[in-house]
Amino acid sequence: MANDTVASALGCAPGAAVLVMRSISYDRAGRPMERFTGFHRGDRSRLNVEVFHSTDR
């Protein structure tokens, strides 16, 4: 549920349902190199996600 900060940024009401996506990307040595957190309004988002796992390290 959107807190006051997220609601203000997304232009929705505090307490509105939001989708939170979190991701960590790793380099070939297995070290974390990027962290991502995204907040999306449920009433204005459509997501298509394809996830691939590579064993090529």
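The values are calculated or read from the model by the stated rules, or taken from the named source; none is laboratory data. Since this is a predicted model, take the numbers as computed values, not measurements. Here the Cβ is made from the backbone with ideal geometry for all residues, glycine too, and neighbour counts use every protein chain on show. What goes into the accessible areas is simple: the full protein's heavy atoms, side chains included, and nothing from ligands, DNA or RNA. Shrake-Rupley method; radii C 1.70, N 1.55, O 1.52, S 1.80 Å.
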Charge tally in the Cβ shell below 15 Å around Val6, where Lys, Arg are +1 and Asp, Glu are -1, Val6 excluded: +1
Kirkwood Rh (inverse of mean 1/r, distinct Cα pairs), the chain, angstrom: 13.5
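So, with +1 on the Cβ of K and R and -1 on the Cβ of D and E, and no other charges, what is the size of the charge dipole of the chain about its Cα centre, to the nearest 20 debye? Show your work: numbers first, answer last.
Details: 8 positive and 6 negative charges, 16 e Å.
It works out to roughly 80 debye.
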Solvent-accessible area, 1.4 Å probe, carbon plus sulfur percent, for the chain: 50
Label-to-label distance, nm, for residues given as Val51 and Val6 (7 Å Cα→Cβ offset): 1.9
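Can you tell me the accessible area per residue over the stretch 1-49, all protein chains present, probe 1.4 angstrom, in square angstrom? It would help to have the intermediate numbers written out before the result.
Numbers: 4090 Å² over 49 residues.
Heavy-atom SASA per residue in the stretch 1-49 reads 83 Å².
With a cap of 14 neighbouring Cβ atoms within 10 Å, and only residues DSSP puts in a loop, list the chymotrypsin sites (Phe, Trp or Tyr not before Pro) found in the chain.
Working: sites: Tyr26, Phe36, Phe39, Phe52; in loops: Phe52.
Qualifying residues, ordered by number: Phe52.
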Sites matching trypsin sites (Lys or Arg not before Pro) across the stretch 3-48 that sit in DSSP coil, with at most 15 neighbouring C-beta atoms within 10 Å: Arg28, Arg46
Backbone N under 19 Å from the Ala17 label point (7 Å along Cα→Cβ), restricted to the stretch 30-55: 38-49
